[in-house]
Structure formats: structure tokens, C-alpha cells
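The values are calculated or read from the model by the stated rules, or taken from the named source; none is laboratory data. Quick caveat: nothing in here was measured; it's all calculated off a predicted structure. Virtual Cβ from ideal backbone geometry, glycine too; neighbours counted across all protein chains shown. These accessible areas exclude ligands, DNA and RNA; they are computed on the full protein's heavy atoms, side chains included. Shrake-Rupley method; radii C 1.70, N 1.55, O 1.52, S 1.80 Å.
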Amino acid sequence: MDIMKTNMEEKADGLKTGTFEFLPDNLIYTDDLSSSTIKWSDFEGYKVVKANLLMIVNQKDGNILVIGKKEVGPEKFNMAVDFVKQHVK
């Protein structure tokens, strides 16, 4: 898989649309305010909790990216989980 884009729409308290791009060397997260590129080796870990994929960049600082199965659908969610399992150790 070269590129997988997953669009998320949050419907609570004015949060906007964000895009995750899953690339072989890094993850790119873009929203209305900024864009961040994070190398897979910079992630401290990941876990799946209650149909949410939590990708932990810095747990101490609370820097955790979340993708919800409800927001992206089961197929894209499972693809994201499988991709992260292969790239985050």
C-alpha cells in the first residue's frame, strides 16, 4: 500500500475535518490549522480501545492521534490498524 488517505469528520464542539496520509516512511496529519509529518519511528506505540485507534507520539505530553471506526467506517479503520501494526513497533 503506497498511500492510504482517511478523512475524518468530527461533529462535536466545532472540530473540523482532518486527513491522515499513511505513507511508507511517515504519517501526515493535516487539518484546517496545520499539517504535521511524523516518522513511524517517532511513535511510542499504538493501541485499539473501544473501536478507536490511538497512535501515541508522546504519551507524557498527551500527543496522541485518534482515528475512530465510526468516523471512517470499518474497512478503512481495519486498513489503518493493519498498516500501523506493520510500521509502529
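Give me the number: length gained by fully extending Q59 to S35, i.e. 0.36 nm times residue separation minus the C-alpha to C-alpha distance, one decimal in nm.
6.6 nm
Starting from the Cα gyration tensor of region 20-73, take the square roots of the eigenvalues, sort them a ≥ b ≥ c, and report rounded, prolate or oblate (rounded when a/c is under 1.5, otherwise prolate if a/b is larger than b/c, else oblate).
It comes out rounded by the Cα gyration axes.
Give me the one-decimal nm value for the distance between modelled label points at K47 and K70, 7 Å along each residue's Cα-to-Cβ direction.
Modelled inter-label distance: 2.0 nm.
Got a sec? What order do T37, T30 fall in by accessible area at 1.4 Å, biggest, i.e. largest, first?
Highest to lowest solvent-accessible surface, that is T37, T30.
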